[in-house]
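Scroll down for the structure; my scribbles are underneath it.
The values are calculated or read from the model by the stated rules, or taken from the named source; none is laboratory data. Given the structure is predicted, the values throughout are model-derived calculations rather than measurements. In this analysis, Cβ positions are derived from the backbone assuming ideal geometry, glycine residues included, and neighbour counts consider all displayed protein chains.
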Amino acid sequence: MRKHKSDLIIGLMTLVLLIAGLIVIYAIGPMRVNFMNAAYGSELSENYFFLHQLANVTISVVAFVVAFRLPYEKWKKYGKWVLLIGFLLCGILFVASKAGSGIARCELGACRWLNLGGVASLQPAEMLKLGLVLYLSQLAAERKREGKLDTSDFWLPAGVVSVISLLFVVVLQKDLGTGVVIVAIILATIFASGVKLKWLGLVILAVGVLGAGAIVTSPHRMERIETFLSGEDADNYHIENALIAIGTGGLAGVGVGNSVQATGYLPESINDSVFAIMGETFGFIGLALVVLVFVVLLMRILRVAELGAEEDQRLVAVGVFAWIAVQMAINIMAMTGLIPLTGITLPLLSYGGTSMMFVTLALGLSLQLSCYTRREKDLTKKKFANGHLKKGRLHESASRRRR
């Protein structure tokens, strides 16, 4: 395995998305501040959200560079600890929320954040995503080398960490959207590892049954589905205003600073609804370019997975691909009314630090893995083979001339 140049397109597309998100927050931040000051009596400065997002982007860029520079062997060694720390933080969050401690931050009946003092907070579920990518890729690669991929030596630990992750996120934190992303990471990693299809089919069936159970046994989730189908309720108010924002933008958008929906009509305008606000501001052309950047980024990550030099590296790239692709798809489909509304951020574009930081860590790691693909080795072999072939033909031609 030889190191070669990294895939700079991954870094470039990441930077483009971070800058685009920063521009949007700069444009709609003052409107959001005016709304909050009027509604809640706060006294936030006009640049409050922009300055915080600038700090988030700065931290995320540092995280990206650290992930790229930290040797992959370190990631392999400490990957399981990322998952264990994620479990520990989820446990602390649950206990703190039940005890009514100020450590836990709860909104709309769900406790998903740990307060770190001041305005800083941490969402443990984001750490679980990265931890699962690292742990499952190593586990599957090791069991495959040992010839135990389709045995309990793989399925038991993989099943335990998957169930615990979903229990924390879906049941205790009431975050079905993040739960779907976690399921995508798990299924994509298992599928790419090469398990027998009958076992994969049973896993998908089990996930489907448990997912249906999680929805049916939750009045809130059932209500969301019913109101989505009927078109009557606050959730549909959210979706309707998101569609109004996208429709108002037309082809080229209303321009930076001219958004109407960001003044208070569209809920979560700087978080979950940022895609709709971008549609209003930059129009269909702007949204098409954003989706194109995501597609290019995802295709480059998929290329890393295809050409991975080692099995575990290949599976890491698969997990990162599934993470970003599914999270992006859920957010966009919810904002365009294709699925029931669910609270999940648009990677690298929504306001907030935890999600952005862990996504950039995953992308920085993907950029590092792009330095260790089979491309260099394959090209070298091809040139070597072609050289011998040409020499062979020359020798054969010379022999014929001598005859």
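Working only within the stretch 271-322, note down all residues that are buried (at least 22 other Cβ atoms within 10 Å of the Cβ), of a type in the set (F, W, Y) and closer than 12 Å to G253 by Cβ.
Listed by number, the list holds a single entry, F282.
Among the residues of the stretch 142-160, what is the count of those that are buried (at least 21 other Cβ atoms within 10 Å of the Cβ) and aliphatic (A, V, I, L, M)?
Count: 2.
From the list S101, S121, which one is without any contact (Cβ under 8 Å) to a residue 60 or more places away in the chain and either among the hydroxyl-bearing types (S, T, Y) or within 30 Å of S137 (Cβ to Cβ) (or both)?
None of the others qualify; the one that does is S101.
Every residue, every condition in (1) touching a residue at least 40 places away in the same chain (Cβ under 8 Å); (2) of a type outside the set (K, R); (3) in contact with a strand residue (DSSP E or B) (Cβ under 8 Å, 6 or more places away or on another chain), yes or no:
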| residue | (1), (2), (3) |
| --- | --- |
| F228 | yes, yes, no |
| I270 | yes, yes, no |
| I277 | yes, yes, no |
| I285 | no, yes, no |
| L307 | yes, yes, yes |
| E310 | yes, yes, no |
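Looking only at the stretch 272-291, how many residues end up being in contact with a Ser or Thr (Cβ under 8 Å, 6 or more places away or on another chain) and not in a helix (DSSP H, G or I)?
1
May I ask you to verify whether L70 is surrounded by 13 or more Cβ atoms within 10 Å (Cβ to Cβ), out of contact with any Pro (no Cβ under 6 Å at 6 or more places or on another chain) and more than 27 Å from I182 (Cβ to Cβ)?
It is false that L70 is surrounded by 13 or more Cβ atoms within 10 Å (Cβ to Cβ), out of contact with any Pro (no Cβ under 6 Å at 6 or more places or on another chain) and more than 27 Å from I182 (Cβ to Cβ).
For the stretch 31-44, enumerate the residues that are in contact (Cβ under 8 Å) with a residue 12 or more places away in the chain and charged (D, E, K, R).
R32
Suppose we filter R314, R374 for residues that are modelled with pLDDT of 90 or more and among the basic types (K, R); which single one remains?
R314
It is to be established whether one or more residues within the stretch 318-337 are at pLDDT 50 or above and either in contact with a strand residue (DSSP E or B) (Cβ under 8 Å, 6 or more places away or on another chain) or of a type in the set (F, W, Y) (or both).
yes
In the stretch 178-206, what residues are in contact with a Gly (Cβ under 6 Å, 6 or more places away or on another chain) and within 30 Å of R105 (Cα to Cα)?
Of everything in the stretch 178-206, just one residue is in contact with a Gly (Cβ under 6 Å, 6 or more places away or on another chain) and within 30 Å of R105 (Cα to Cα), namely I185.
For the stretch 135-148, indicate whether the set of residues that are in contact with a helix residue (DSSP H, G or I) (Cβ under 6 Å, 6 or more places away or on another chain), over 15 Å from F358 (Cβ atoms), touching a residue at least 12 places away in the same chain (Cβ under 8 Å) and aromatic (F, W, Y) is non-empty.
no
Here is a list of conditions, (1) touching a residue at least 60 places away in the same chain (Cβ under 8 Å); (2) over 30 Å from A141 (Cβ atoms), and N47 meets all of them except one; can you say which number that is?
Among (1) touching a residue at least 60 places away in the same chain (Cβ under 8 Å); (2) over 30 Å from A141 (Cβ atoms), the lone unmet condition for N47 is (1).
Considering only helices (runs of 4 or more DSSP H) fully contained in the stretch 97-202, which possess at least 3 residues that are touching a Ser or Thr at 6+ places or on another chain (Cβ under 8 Å)?
124-146, 176-193
Only one of (1) at pLDDT below 80; (2) in a helix (DSSP H, G or I) is not met by E232, so which one is it?
Against the list (1) at pLDDT below 80; (2) in a helix (DSSP H, G or I), E232 comes up short only on (2).
Please work out if L266 is among the aliphatic types (A, V, I, L, M) and either surrounded by fewer than 17 Cβ atoms within 10 Å (Cβ to Cβ) or in a helix (DSSP H, G or I) (or both).
Judged against the criteria, L266 is not a match.
When only residues in the stretch 192-206 that are crowded, with 16+ Cβ neighbours inside 10 Å and of a type in the set (A, V, I, L, M, F, W, C) count, which is farthest from I339 (Cα to Cα)?
V195
Determine which single condition T248 fails, assuming it passes every other condition in (1) part of a helix (DSSP H, G or I); (2) over 22 Å from T342 (Cα atoms); (3) under 26 Å from the mean Cα position of the chain (by Cα); (4) not aromatic (F, W, Y).
(3)
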